[in-house]
Amino acid sequence: MNCPNTPVKKMAALTMTLTMALLLGQPIWIPESSIRTAEASLPENKGETVAQADAGETSEPSSEVIARADELLQALIESNPALGRLKLQGKSKEFVEGTATQALYSGCTSTWNITLGSENADEWAQLTVDGQSGDAIRFCWNNYVASKEKNLTEERAREVASSFLKSVAGEQFSVYRIKEESLIENGEFAFQRTVRFERLINGIPLLNCGWYVVVDAYGRINDARLEGPHNFSDASFPKPTGLLPVEEIKAKVDKWLPFQLSYRPMTSDDSKQGPPKAGLVYTPVVTGIVLADAVTGEAPPSQKSEIEVFRFKGDDRNIIGNEAEAVQWLKRTWGVDVQTMEQIRVPMPGHEPAEVLYRCRVPFKGGVAVQSGTTDSGNGSEQGWVREYNIAVEATTGKFIRYSVIQSGEDIPQLSLPEDQVKEKARRCLENMLGSGEYDVEMEMLDRTVHIPEWVDRSRFLKGEFIPDGLYNFHFRFRHYGIPDGEIGASCLVDSNTGDINLEQLKYPQMRDYPDPSKAVSVDRVKAAYLKKWTPRLVYKWPDFYGQGAPKANLYYTISDEMVGVTYDALTGEETSLYAPSSSGTIMFDWIR
């Protein structure tokens with residue numbers, strides 16, 4: 001796909017990459033080659049993760065910050081004697097302003113890192129503080145010895161995490177409390193317990209602000225980090241006065257909180273073979289954890305999608321078993337005449353069946369194919385540009401999994417397809433990927449509108465930064481008796497500027513014995529049960545838009561985590577846990593905005 005690679009998009013991509021690394025428990029490690037024992041030195045410049053110091057900036061923070069970091073480290077050693085056997089390996093200042101690391105480190109412009117390690121390098125630890133304030137923002141401790149033994153109780157995890165936070169927060173420990181629903185047990189690779197602390201202001205939690213602490217099976221802090229802003233004054237937060245009563249908020253939410261009727265596979269199906277039974281369920285469509293302003297009761301702006309329904313008749317010619325059939329499909333569907341396609345078998349460890357990929361790269365110059373049917377692996381720069389076609393199918397059945405067209409090089413034509421042609425391209429792509437049978441399909445075009453708050457300084461962004469960039473995103477769901485499956489049948493991305501298309505995740509219906517939707521209870525009955533159980537949660541939120549913070553925080557009512565994915569049996573109206581969760585894309589958590 002060809003799309004503008006703007007600074008905001010780069011930041012978002014880098015932030016997501018580093019966030020996933022942190023969530024997986026993989027620490028950010030400074031290699032031994034980049035530090036010198038007992039010396040302060042700048043880390044090596046590694047692309048976009050480390051920014052160079054501006055003129056006049058030093059390789060050390062203020063003496064107060066250095067002293068504060070040493071005090072914090074000593075406090076950690078006193079509460080964790082085993083940490084004291086590690087030796088100082090180095091101290092370094094890292095400039096992170098304008099990088100993805102800045103977003104992960106609570107908006108700091110620089111950090112001061114103290115690294116400890118054992119003599120044989122089989123154990124290490126690192127304390128990171130804000131380079132301006134000296135506040136602790138991260139601590140990692142890893143000795144590469146993992147255990148899956150579940151010998152750490154929830155109570156012990158709380159004690160260890162609380163002891164750590166007392167060491168780094170000092171008197172500020174009283175403004176944190178454990179978020180009960182965040183106590184997560186993870187034992188896929190090594191047993192751990194995660195404890196999340198909320199930052200309180202006027203006794204009310206600040207959304208997405210606090211400490212995230214991971215305790216390993218031995219009762220040691222494996223990773224701990226501060227999330228959200230920390231350099232603020234409590235005076236910046238409005239007092240909790242003039243708030244709408246909870247019951248009035250519930251009455252307002254009742255008007256615009258929709259419930260979706262869909263089919264989900266039964267997780268308790270006792271059938272030994274074949275697809276699971278389908279269940280008919282109601283679920284709330286929650287597009288953000290924040291539901292309403294606590295003073296006005298107004299809902300935040302939401303994305304609106306456009307849905308169309310089609311009936312497709314599949315064709316067995318859409319089953320690809322060899323290179324010749326791939327060539328025929330490409331010509332029949334898109335009018336692309338190539339001589340051959342390269343077959344690549346793609347092993348999928350732990351997953352069956354394996355994939356088979358058919359690929360063809362066609363160089364173009366002036367809009368004309370230079371070598372029709374070539375599988376040249378070059379970038380096509382000598383010819384002008386290259387269009388690459390990819391078809392992925394299941395190895396055992398020949399059924400489509402995904403299809404994509406990618407263009408690279410120079411002189412790529414700009415088509416500027418109108419919206420109706422973009423929709424037709426997406427619909428046609430799915431239709432020509434389905435095997436024999438008749439399919440009712442729901443096509444959802446996701447809203448491309450960017451809601452920019454009025455307090456944002458638009459002059460700080462590039463011209464046209466938030467104008468839709470020509471990319472259209474579609475979700476397809478198979479329907480039965482007019483009701484969609486909860487699971488997305490396929491996702492499609494179309495670039496209206498180049499005509500590039502990428503359709504993936506194609507999944508045929510995987511359920512049986514679909515219940516009759518005419519027997520479902522009324523949605524009002526289900527919503528009444530939901531509102532009776534749900535208690536709005538009052539929080540502060542400091543709105544942010546790509547690094548620009550609002551002038552002040554506001555008070556909002558939110559939905560609790562456990563109420564986001566609640567499911568009701570549509571035939572009985574009762575809450576149930578017998579069905580697999582939805583992948584509809586309508587449930588999102590508001591972690592950043």
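The values are calculated or read from the model by the stated rules, or taken from the named source; none is laboratory data. As the structure is a computational prediction, the values presented were derived from the model and not from experiment. Methodologically, a virtual Cβ is constructed for each residue, glycine included, from the backbone with ideal geometry; neighbour enumeration extends over all protein chains shown. When the accessible area is computed, the model is the full protein with side chains, heavy atoms only, and any ligands, DNA or RNA have been set aside. Shrake-Rupley method; radii C 1.70, N 1.55, O 1.52, S 1.80 Å.
Could you tally up the Lys pairs in segment 467-566 with alpha carbons closer than 28 Å? Skip any pair fewer than 8 positions apart unless they're on separate chains.
Count of close lysine pairs: 8.
Determine the share of segment 224-326's accessible area contributed by carbon and sulfur atoms, expressed in whole percent, with a 1.4 angstrom probe.
52 percent
Set Lys and Arg Cβ to +1 and Asp and Glu Cβ to -1, take the dipole of segment 236-347 about its Cα centre, and tell me which of Pro347, Leu280, Val295 lies farthest positive.
Leu280
With a 1.4 Å probe and all protein chains in place, put Leu152, Leu446 in order of accessible area, largest first.
Heavy-atom accessible area, descending, gives Leu446, Leu152.
Report the label-to-label distance for Lys179 and Asp516 in nanometres (one decimal), using points 7 Å from each Cα along the Cα→Cβ vector.
Label at Lys179, label at Asp516, 4.6 nm between them.
Quickly work out the Val246-to-Ser416 label distance, labels modelled 7 Å from Cα along the C-beta direction, and quote it in nm with one decimal.
Spacing of the two 7 Å Cα→Cβ label points: 5.6 nm.
How would Arg68, Arg156 line up by accessible area, probe 1.4 Å, largest first?
In descending accessible area the options line up as Arg156, Arg68.
Give, as a single signed number, the net charge of other residues whose beta carbon lies under 9 Å from the beta carbon of Leu493, with Lys and Arg counted +1 and Asp and Glu -1.
-3
Can you give the FRET efficiency to the nearest 0.05 for Glu504 and Glu149, using r as the Cβ-Cβ distance and R₀ = 45 Å?
The pair Glu504/Glu149 has a calculated efficiency of 0.70.
Residues with beta-carbon under 10 Å from that of Asn473, excluding Asn473: net charge, scoring Lys, Arg +1 and Asp, Glu -1?
After counting each charged neighbour, the total is -1.
Hey, can you grab everything whose amide H is under 5 Å from the amide H of Glu123? Only 5+ residues off in sequence or another chain; H modelled, so Pro and N-termini drop out.
Ser118
For Phe259 and Ser63, what is the calculated FRET efficiency with R₀ set at 45 Å and r taken between the beta-carbons, to the nearest 0.05?
0.15
Arg332 to Ile452: extension gain in nm, 0.36 nm per residue of separation minus the Cα-Cα distance?
Result: 38.8 nm gained on full extension.
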